[in-house]
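A short write-up of the structure that comes next.
The values are calculated or read from the model by the stated rules, or taken from the named source; none is laboratory data. Just so it is clear, the model here is predicted, and its values are computed rather than measured. Virtual Cβ from ideal backbone geometry, glycine too; neighbours counted across all protein chains shown.
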């Protein structure tokens, strides 16, 4: 894990002291020199920390006088508890969310409480329904079943509980979402397949594109790449929107056979776990991957590097998403007026080229 930059250490420490009232409104912060001596860093480093605080509206820097706290509203914290709702426990990406969130909270007085919904929509609703400003100071939510949560989340929003969403938005609600650059990731993955000489590329998802905005944006990136390279948009084979189970192996096998018969040579799959499920089924059918069919995933979980062939995929920075979500939430707790001005943030996603995409020929770059 990357070591935190020194300016960020100073920034986090000062921000925490502003938020918890150690440095109240109108108080003067230590000077650049005092901070550089205290933390044994250069003046440039301490200056950057102070400048970042000024840019975010916590302090005002006055030439010849110093830096002063201008945040009039001290945190509305009552419980100093942050609630995190996730669908399940054992998942590499979700574990990195937790690590990023926990690391961001280290320098604050807030504690993290995690609830797992076990992918149960009723349990998710019950947990959200139990929350209030009396039980927690903020909520970080991974909305596993977005359409079932609009009423409850909106009610918490109206009650002024700070809320940040991970990965997916609740369409129509003015709640910030911290997610990967799904559109760009979908676009780059598809362009890569095109440049490897693939003429028919299928996007495959079991998620509802109306329900899951993250997957929808990956799909839109895929469509943009096809359009940009003047590829014809085919209807393609379709698999019902339902989760995979053991008795669906035959259905998956039929889907793969149809895909191949229709001339597709590469399948861009909504996420790594599903991509590996398809690869496993294809291998059991006697297919050689990637010669008989190429696959691209999305997430870059650890297993993607362990299977044969190693999966070409788009890497999500789950750690940074969790860290950024927490920064946004803390700023909302410090100033409730920010809930109507904070925008959603996209964290960059990067293509990881491995072994699961065959090179038909190397297409020339424009």
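Selection over the stretch 1-26 of residues that are closer than 22 Å to residue 64 by Cβ and surrounded by fewer than 19 Cβ atoms within 10 Å (Cβ to Cβ) gives a count of 2.
Name the strands (runs of 3 or more DSSP E) wholly within the stretch 262-354 that hold at least 2 residues that are closer than 22 Å to residue 97 by Cα? If you could, list the steps in order and put the result at the bottom.
On the way: elements: 266-269, 294-299, 312-315, 345-347, 350-352.
Passing ranges, in order: 294-299, 312-315, 345-347, 350-352.
The condition (being in contact with a strand residue (DSSP E or B) (Cβ under 6 Å, 6 or more places away or on another chain), assigned by TED's automatic domain parsing to the domain that holds residue 330 and buried (at least 20 other Cβ atoms within 10 Å of the Cβ)) is satisfied by just one residue among 85, 29, 50, 112: 85. Candidates in the stretch 296-328 are the residues that are touching a helix residue (DSSP H, G or I) at 6+ places or on another chain (Cβ under 9 Å) and farther than 24 Å from residue 347 by Cα; of these, the one that is surrounded by the fewest Cβ atoms within 10 Å (Cβ to Cβ) is 308. In the stretch 223-244 there is no residue matching the filter, namely being at pLDDT 90 or above, surrounded by 15 or more Cβ atoms within 10 Å (Cβ to Cβ), touching a strand residue (DSSP E or B) at 6+ places or on another chain (Cβ under 6 Å) and closer than 18 Å to residue 198 by Cβ.
So that you can scan it fast, the table gives a plain yes or no per residue for (1) more than 24 Å from the chain's Cα centre (by Cα); (2) touching a residue at least 12 places away in the same chain (Cβ under 8 Å):
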site: 319; (1), (2): no, yes
site: 327; (1), (2): no, yes
site: 333; (1), (2): no, yes
site: 338; (1), (2): no, no
site: 353; (1), (2): no, yes
site: 360; (1), (2): yes, yes
